[in-house]
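First comes the structure, then the notes that go with it.
The values are calculated or read from the model by the stated rules, or taken from the named source; none is laboratory data. Note that the structure is predicted; figures quoted are calculated from it, not measured. Cβ coordinates were reconstructed from backbone atoms using ideal geometry, including for glycine residues, and neighbour counts include every protein chain displayed.
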Amino acid sequence: MTVSDARLTYGDSQAPTHIGFLLIPDFALLGYASAIEPLRAANRLSGRDLYRWSHVSIDGLPAPASNGVSIRADHGVGDDVRFDYLFVCAGGNPAAFQHPQSFAWLRQLARRGVRLGGVSGGSYILARANVLGGYRFTIHWEHAAAFLEDYPNLDLRRSLYAIDRDRLTSSGGTAPLDMMHAVIAREHGSELALSVSEWFLQTHVREGEGPQRMPLRERLGISHAPLLRVVGRMEQSLENPIARAELARTAGVSLRQLERLFRLHLGRSLGEYYLGLRLDRARDLLRQTSLSVLEIALASGFGSASHFSRAYRSRFSHPPRAERLPAKAAVWR
């Protein structure tokens with residue numbers, strides 16, 4: 001299908017839907033592009049302006065993406081702008097973002113009935129603003145562990161995207177393409193939405209409940225089903241590690257056989273592999289939260305801070321405290 005073949009007239013001559021993008025410093029450029037490009041395509045393929053958009057930064061200055069590219073801002077946080085939707089685009093370490101003016105502005109927009117969304121780490125900012133209570137939502141898997149430590153009572157889903165009434169959240173990457181397909185289909189029909197997806201060579205439009213990560217089979221490059229079952233249980237039980245004998249029962253083999261499978265397919269013993277998973281989680285928590293070393297040790301399945309620190313130093317060649325990254329929060333206040 002060519003562009004001219006797909007260019008049809010949809011809907012009436014109502015005013016374009018105004019969509020704002022709040023670009024948090026270090027936002028992920030790919031997720032942002034995947035959210036805004038379908039709007040441009042919908043205008044082009046429909047032959048009229050169904051959507052218009054504006055960019056907002058915290059200070060009205062150009063907003064830097066995580067790769068160094070900057071986007072010119074049309075507005076600063078707090079400006080009196082009428083939006084139909086506002087998407088918060090965040091990446092890097094959204095847990096470190098502390099900007100009371102942004103949070104207050106988001107609450108104000110919510111009270112006005114503006115539909116709020118988050119892209120990649122944007123849900124962290126929405127949670128900080130207290131506008132996610134009672135809603136289903138998602139976030140990029142990299143931020144999920146830290147988010148749950150901060151907000152254990154919110155309804156976080158591990159899905160590609162979630163649309164719950166006037167909250168629209170996407171896990172980032174290319175997932176906003178799928179979310180915006182759903183938005184365009186709801187507002188202007190599935191024919192236009194499919195034309196937009198086809199224009200971007202999107203041969204398969206994914207459902208919101210789809211998984212964010214590759215299946216273990218592809219991610220690990222192995223096809224041994226019992227071993228994959230064991231690794232799946234391990235990844236889901238990092239705070240309370242499962243006994244080796246129980247893992248062997250999960251695989252339906254002896255503990256000795258399971259150890260052989262780990263060394264053959266993964267190049268490490270069962271214990272070494274499990275420890276690596278727990279330490280990787282601990283590193284994410286150290287970088288993305290303000291939890292104490294002891295709290296992170298317990299959240300990663302260690303009985304004491306000293307045991308955790310020894311294991312961490314052995315794995316990464318530096319103590320846990322050295323992992324703390326300089327916070328940028330002071331710059332944004």
The lone exception for residue 177 - which of (1) more than 19 Å from residue 42 (Cα to Cα); (2) crowded, with 17+ Cβ neighbours inside 10 Å it fails: (1)
Across the stretch 42-58, the tally of residues that are in a helix (DSSP H, G or I) and surrounded by 22 or more Cβ atoms within 10 Å (Cβ to Cβ) stands at 3
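Residues checked against (1) in a strand (DSSP E or B); (2) touching a Lys or Arg at 6+ places or on another chain (Cβ under 7 Å); (3) assigned by TED's automatic domain parsing to the domain that holds residue 98; (4) not small (Gly, Ala, Ser):
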position	(1), (2), (3), (4)
119	yes, no, yes, yes
123	no, no, yes, no
126	no, no, yes, yes
133	no, no, yes, no
143	no, no, yes, yes
146	no, no, yes, no
156	yes, no, yes, yes
Identify the single condition in (1) surrounded by fewer than 17 Cβ atoms within 10 Å (Cβ to Cβ); (2) free of Cβ contacts under 8 Å to residues at least 12 places away in the same chain that residue 133 does not satisfy, given that it satisfies every other one. (2)
Of (1) of a type in the set (D, E, K, R); (2) within 30 Å of residue 128 (Cβ to Cβ); (3) crowded, with 16+ Cβ neighbours inside 10 Å, residue 280 fails just (3)
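For (1) surrounded by 19 or more Cβ atoms within 10 Å (Cβ to Cβ); (2) farther than 23 Å from residue 145 by Cβ; (3) not polar (S, T, N, Q), each residue gets a yes or a no:
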{"position": "240", "(1), (2), (3)": "no, no, no"}
{"position": "260", "(1), (2), (3)": "no, yes, yes"}
{"position": "268", "(1), (2), (3)": "no, no, yes"}
{"position": "276", "(1), (2), (3)": "no, no, yes"}
{"position": "290", "(1), (2), (3)": "no, no, no"}
{"position": "302", "(1), (2), (3)": "yes, no, yes"}
Run residue 324 past the list (1) closer than 30 Å to residue 103 by Cβ; (2) exposed (fewer than 13 other Cβ atoms within 10 Å of the Cβ); (3) in contact (Cβ under 8 Å) with a residue 40 or more places away in the chain and report the number of the one that doesn't hold. (3)
Which residue, of 255, 275, is of a type outside the set (Val, Ile, Thr), modelled with pLDDT of 90 or more, outside the structural domain of residue 124 (by TED's automatic domain parsing) and more than 21 Å from residue 143 (Cα to Cα)? 255
Going through 245, 282 one at a time, which residue ends up being among the small types (Gly, Ala, Ser), without any contact (Cβ under 8 Å) to a residue 12 or more places away in the chain and either within 26 Å of residue 92 (Cβ to Cβ) or in a helix (DSSP H, G or I) (or both)? 245
Which one of the conditions (1) under 25 Å from the mean Cα position of the chain (by Cα); (2) at pLDDT below 95 does residue 13 fail to meet, given that it meets all the rest? (1)
